[in-house]
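One structure below.
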Amino acid sequence: MNALSKSSVVAVIGAGAMGAGIAQVAAQAGHTVILFDAKEGAADKGRSGVLAGLDKLVEKGKFEQSLRNEVAERIIVAASLGDLRDARLVVEAIVEKLDVKRSVFASLEEVVADDSILATNTSSLSVTAIAAGLNHPERVAGLHFFNPAPVMKLVEIVSGLASSKQVLDTLFETARAWKKEPVRATSTPGFIVNRVARPYYAEGLRLLEERASDVASIDTILREAGGFRMGPFELMDLIGHDVNFAVTRSVFDAYFGDPRFRPSLAQQELVAANWLGRKTGRGFYDYNPDAPKPQVLSIKGGAAVKSLIVEGEVGHFEPLIRTAVSNGIHIDRRGGEGYIRIEGSTIAFSDGRTATERVAQGGPSDLVLYDLTLDFEKASRIAIAKADQAHSDCLHSAAGLFGSLGKTVTVVDDTPGLVVLRTVAMLANEASEAVFNGVATPFDVDRAMTLGVNYPRGPLAWADSIGAEHVLATLEAIHASYGDDRYRPSRYLRRVVGAGRRLLPGPDL
Ligand code: NAI
């Protein structure tokens, strides 16, 4: 299947943030673009916004003047819907309301040729529902860009029940020709990215609600230990709590109240207070320049550690041991059940059970757990927690070890799965559910999450590197601890573990 030819006219309806950006992408790819907006002057404003943006890039030497002039020639503002008659592809990016979108698509069918493609940029509505009732629902599909459309590489090509393969393939190839990275998804609530990303916000909010740690510390742990670009709270403040809460609610309702998507009371309170984030100057953080800087909890460790005893063969200990060796720490390896012993405390990697539970089940009474890091050797921070039965000096000793390994230590409450492991396990679980439900392939799910929300690693590949079995055990332990169905492990994850396979199958499988 071929991409739409460059000589084909593309129309964009709705010239707001997304429509203007999509018009720019299509014009840069060589198409004549007809831009229409129902609001007087909005299409002109959208077009001049695109050109002003390009002028700035030209000034900085990042865009060629000649291409800027071509884009200016190619984007034509339409006075009425009738001006879209020659379009071979129409991309709709209007207000997110089903009845309005349906009526625009019905009017479009009166205007464009019977075989022109009608695409919607909707992020939360059903593509199937938008297409329903049209004369040719098979030519409707989702073409879901990310904001800002000219910058973000990901495009989700979304199939509704009636979408034809030919239309989907043409959109896929066209997105590629537009220098985007398309992935395929079926029309299900949130498609890939807006569904699989929910736990990133939700687990942060839950950790906060149960007082496992504070906003700034959770954000910092996820950045400095987890390798995420932004922590969940600063990210929600940037997106806006009205928008983020509305998406969460809509996904929750669309899945008939599945507890996996349950919204948070803490976020609802922010919306009620009109503390919507950066745009109102206050959200989880206070953006008033005079406001005190939030303090991240960090503890200083005790004496530097010179030697440690490693009991048992535990894969997760290996990067810690390598870092210890390179810091001149002596390692004494022995048989045992997976503990690192230093003067004053016993250390283990989290497996979803709390330290307190592990002590109660016969573990050492000076137990301190450490959290996942994206890359132990490079991480500048690590989160730890001690068992309720353990003396507080244990934290001091453990912080001494991690301090000797070059890490800043944040102590969190003894919460199931701690912060990074729990978040990544839940992202991988949701990614697994998306695969299980046939929303997308494992490869496309991972690609969507790295390209659409800049995760440092695709959730499935990340879970494989932790060990799918460990991720499953972690989720089972968290599930048992809360008794909350939101933590139930996905069948896909169970099946992969049962078969000894990988969540993201490699070319050899
Ligand atoms: P926006 O509010 O910036 O722009 C929407 C534009 O559509 C406005 O200029 C409005 O005048 C126009 N419009 C409304 N009804 C119309 C109609 N019946 N006919 C023609 N024009 C009409 O909205 P934004 O953010 O650009 O979103 C547009 C669509 O893209 C929505 O479906 C949204 O869910 C989706 N989307 C938004 C993203 C975002 O981050 N803002 C990301 C991806 C998708």
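Against the empirical curve 2.2 N^0.38 Å, the C-alpha radius of gyration of the range 345-475 lands at a ratio of 1.15.
Count Lys and Arg as plus one, Asp and Glu as minus one, and take only other residues whose Cβ is under 10 Å from that of THR441; the net charge is then 0.
In the chain, the longest principal axis of the Cα atoms and the axis of helix 241-254 are about 90 degrees apart. Cβ-Cβ distance of GLN295 and ASP388, R₀ of 25 Å, FRET efficiency by 1/(1 + (r/R0)^6): the value works out to about 0.50.
For the range 153-195 versus the range 414-493, the inter-centroid distance based on Cα atoms is 23 Å. Let me test this: with uniform point scatterers at the alpha carbons of the range 284-378, what is the Debye-based log₁₀ I(q)/I(0) at q = 0.11, 0.17 1/Å? Ignoring solvent entirely, the Cα scatterers give -0.43, -0.83. With a simple spin-label model that places each label point 7 Å from the Cα along the Cα-to-Cβ direction, the separation between SER481 and ASP169 comes to 4.9 nm.
Of interest is the spacing of the C-alpha centroids, which for the range 201-252 and the range 346-362 amounts to 26 Å. With an a/c value of 1.5 or above and a/b not larger than b/c for the gyration tensor axes a ≥ b ≥ c computed over the alpha-carbon atoms, the range 1-93 is described as oblate. Along the range 2-9 the Karplus relation, 6.51 cos²θ - 1.76 cosθ + 1.60 evaluated at θ = phi - 60°, assigns HN-Hα couplings of 9, 6, 4, 5, 4, 6, 6, 7 Hz to successive residues, with x for each Gly and Pro. P(r) tail, the range 195-280: Cα-Cα pairs separated by more than 21 Å, 26% of all pairs. Counting Lys +1, Arg +1, Asp -1, Glu -1, what net charge surrounds LYS306 among other residues with beta carbon under 13 Å of its beta carbon? Result for the neighbourhood of LYS306: -2. Relative to the longest principal axis of the Cα atoms of the chain, the long axis of helix 468-482 lies at roughly 80 degrees.
Here the chain exposes an accessible surface that is 51 percent carbon and sulfur, computed with a 1.4 Å probe and the other protein chains kept in place. Residues in the range 324-358 near a label at SER307, defined as backbone nitrogen under 11 Å from the 7 Å Cα→Cβ point? The answer is 330-333, whose backbone nitrogens lie closer than 11 Å to the label point. Among the listed pairs LYS101/LYS279; LYS39/LYS279; LYS56/LYS180; LYS60/LYS153; LYS62/LYS293; LYS101/LYS165, give every one whose C-alpha distance is greater than 31 Å. From LYS101/LYS279; LYS39/LYS279; LYS56/LYS180; LYS60/LYS153; LYS62/LYS293; LYS101/LYS165, over 31 Å: LYS62/LYS293. The Rg/Rh ratio of the range 91-157, with Rg taken over Cα atoms and Rh as the Kirkwood radius over Cα pairs, comes to 0.97. Volume per residue for the chain equals 173 cubic angstrom (convex hull of Cα atoms). Which values of log₁₀ I(q)/I(0), to two decimal places, follow from the Debye formula for the range 9-187 at q = 0.13, 0.16, 0.19, 0.20 Å⁻¹ with a uniform point scatterer at every Cα? For the range 9-187 at q = 0.13, 0.16, 0.19, 0.20 Å⁻¹, log10 I(q)/I(0) is -0.58, -0.89, -1.26, -1.40. Measuring nothing but how far apart in sequence close Cα pairs (under 8 Å, 6+ apart) lie, relative to its length, the range 307-411 scores a relative contact order of 25 percent.
For a test of the definition: using alpha carbon positions, the gyration tensor, and the 1.5 limit on a/c, classify the range 428-475 as rounded, prolate or oblate. Oblate is the answer for the range 428-475, as a/c is 1.5 or above yet b/c matches or exceeds a/b. Using the Cβ of LEU84 as centre and a radius below 14 Å, the other residues enclosed give a net charge of -4, where K and R count +1 and D and E count -1. Between 0 and 90 degrees, the angle of helix 17-28 with respect to the longest Cα principal axis of the chain falls at about 70 degrees. Each Cα pair under 8 Å and six or more residues apart adds its sequence gap; the mean of these over the residue count of the chain is a relative contact order of 12 percent.
The values are calculated or read from the model by the stated rules, or taken from the named source; none is laboratory data. Nothing here was measured: the structure is a model prediction, and the numbers come from that model. When we count neighbours, we look across all protein chains shown, and the Cβ atoms used for this are built from the backbone with ideal geometry, even at glycine. Please note that ligands, DNA and RNA were not included when accessible areas were found on the heavy atoms of the full protein model with its side chains. Shrake-Rupley method; radii C 1.70, N 1.55, O 1.52, S 1.80 Å.
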